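The values are calculated or read from the model by the stated rules, or taken from the named source; none is laboratory data. Predicted model, so just to flag it, every value in this text is computed and none were measured. Neighbour counts run over all protein chains shown; Cβ positions are idealised from the backbone, glycine included. Quick note on the areas: whole protein, heavy atoms, side chains included, nothing else; ligands and nucleic acids left out. Shrake-Rupley method; radii C 1.70, N 1.55, O 1.52, S 1.80 Å.
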Amino acid sequence: MIAVVVLTFDAPDGMLEACLDSVMQHSGSSARLVVVDNGGRTAAMDQRLFDGVEVIRSHRNGGFAGGMNLGIRWALAEGAEAVALLNDDVEVEPGWIEPLVEELRRDSGLGAVQPKLLLADADPPVINSLGVSIGRDGAGTDIGYGLADSELVEAHDIDACTGGAVLVRSSFLAEVGLFDERYFLYYEDVDLALRGAERGWRYRVVPASCVRHRGGVSTGRHADRVAFLRERNRLWVLFRHRPFGDIARGVWLSVRRLRWHPRRVHARALVAGLWAAPRLVRARCSRHE
């Protein structure tokens, strides 16, 4: 059984409905769908939308990491072979799940696989993400962002999968663990991928699978909070995972950003990143003892 976890929080009218409609139409009879409500919105919706769908309502907004972990735990308890994670601003294309499942079954070394993400409503089609590359400054960047879509891209290994649309092997989660909820939002997917890579797991983008992504719909209303979390969590990834030369490079980037708007947000993020550095470095050292 494949579980499909859709995380929602304060979605605009029609967006969650469109996501769930696409998933229920195009995911096959063997997939089980669970919606994790991080913000109480589903209680006010037409419950006919959720016929045959498991709904988990969180008592608090646990961010992407906490919300997805609720759905993942449910899926693992139900015996899912793999867990597909989707944001509520995604609509899946016909035949999206079969290539991902086939790739996991074909290569036992893969911890996770992701589809090709296209920007919603772009005509002609434009790529949103073909996976995530991790720079020497710790920044995670969507591969191919803004490029014209191409049918010629083959499946290939990547540094990390984007958390907004990914199929994760259950045995990978059992070995590596779930998302670190202290990240709340942003870079929890990069952290999980790097933890898995330390144990020899690999990741792959499978362009034969395709979804469309709106992106930034709910976070766009909280620009300062988003900027803080992105900067702080990039530093956390550096201290927890990257070589010390990369740490110096990444911290220097944070210092330079103090000249840019919003300066106070960047300063708070730098302080929060440095404050956690001893804990993260100790965690890194304990893994290698």
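Laid out as a table, the results:
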read-out	value
Selection from segment 102-148 of residues that are open to solvent by less than 40 Å² (accessible area, probe 1.4 Å), in contact with a strand residue (DSSP E or B) (Cβ under 7 Å, 6 or more places away or on another chain) and outside any strand (DSSP E or B)	E103, L104, G109, A120, L130, G131, G135, G144
Test result for E181, in contact with a Gly (Cβ under 6 Å, 6 or more places away or on another chain) and surrounded by fewer than 21 Cβ atoms within 10 Å (Cβ to Cβ)	yes
Long-range neighbours under 6 Å by Cβ, at least six apart or interchain, first residue at negative phi and assigned to a loop (DSSP other than H, G, I, E, B) within segment 157-180, second among the polar types (S, T, N, Q) and open to solvent by 20 Å² or more (accessible area, probe 1.4 Å)	D159/S133; G164/N87
Test: D21 is surrounded by fewer than 17 Cβ atoms within 10 Å (Cβ to Cβ), of a type outside the set (S, T, N, Q) and in a loop (DSSP other than H, G, I, E, B)	no
Qualifying helices (runs of 4 or more DSSP H) (wholly inside segment 205-288; at least 3 residues being touching a helix residue (DSSP H, G or I) at 6+ places or on another chain (Cβ under 7 Å) and open to solvent by 20 Å² or more (accessible area, probe 1.4 Å))	223-241, 263-275, 277-287
Qualifying positions in segment 125-148 - among the β-branched types (V, I, T) and free of Cβ contacts under 8 Å to residues at least 24 places away in the same chain	V126, I127, T141
